[in-house]
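Please find one structure pasted underneath; my questions will follow.
Just so you know, all these numbers are worked out from the coordinates, no wet-lab data involved. As the structure is a computational prediction, the values presented were derived from the model and not from experiment. For neighbour counting, all protein chains shown are included, and Cβ atoms are generated from backbone atoms with ideal geometry for every residue, glycine included.
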Amino acid sequence: TAAAAGASYGTALAWALVFSTIGCFVLQEAAARLSIIGGLSLGQALNQGRFGVVGAVVFGCIAYEAGNLLGAYAGIALVVDLPRWVVLLVLGFAGVSLLSLNRAERLA
């Protein structure tokens with residue numbers, strides 16, 4: 001996880017943070033262009049069946065969130081001794097529940 005890498009390598013891996021931040025800006029800028037020029041949100045564009053750039057952006061978001069979930073699991077595993085699938089299932093259910101209740105601001 002990022003915490004373990006930071007504890008082991010200190011600031012030697014700061015370059016990875018810089019490149020990942022640049023990649024994040026590129027993906028967010030692509031999503032913003034799609035929304036501004038096309039007048040569609042990311043979800044609406046997916047419903048139209050145009051999976052080129054949009055598919056790449058969504059895949060990047062899914063990969064990023066998978067990293068977040070595994071990082072959350074690593075933190076929870078330090079406190080609670082549960083199987084990985086149970087913790088990830090609970091985290092996923094909590095995220096979906098908050099989003100479906102229009103309480104996404106509580107995720108931050």
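Quick one: among A72, A45, A16, which has the greatest mean-square fluctuation in a GNM of the chain with alpha-carbon springs under 10 angstrom?
Among A72, A45, A16, the largest GNM mean-square fluctuation belongs to A16.
Please report the equivalent ellipsoid semi-axes of the chain, computed as sqrt(5 x eigenvalue) of the Cα gyration tensor, largest first, in whole Å.
After scaling each eigenvalue by five and taking roots: 29, 22, 11 Å.
Using a Gaussian network model of the chain with C-alpha springs under 10 Å, which one of G60, G38, G23 is most mobile by mean-square fluctuation?
G38
Just to be sure I understand the model, the point goes 7 Å from the Cα along the line to the Cβ. What's the resulting V79 to A12 distance in nm?
Taking the simple label geometry, V79 and A12 are separated by 3.1 nm.
If you average the sequence gap of Cα pairs under 8 Å that are 6 or more apart and divide by the length of the chain, what percent do you get for the contact order?
Working: 33 pairs, mean separation 21.2, N = 108.
20 percent.
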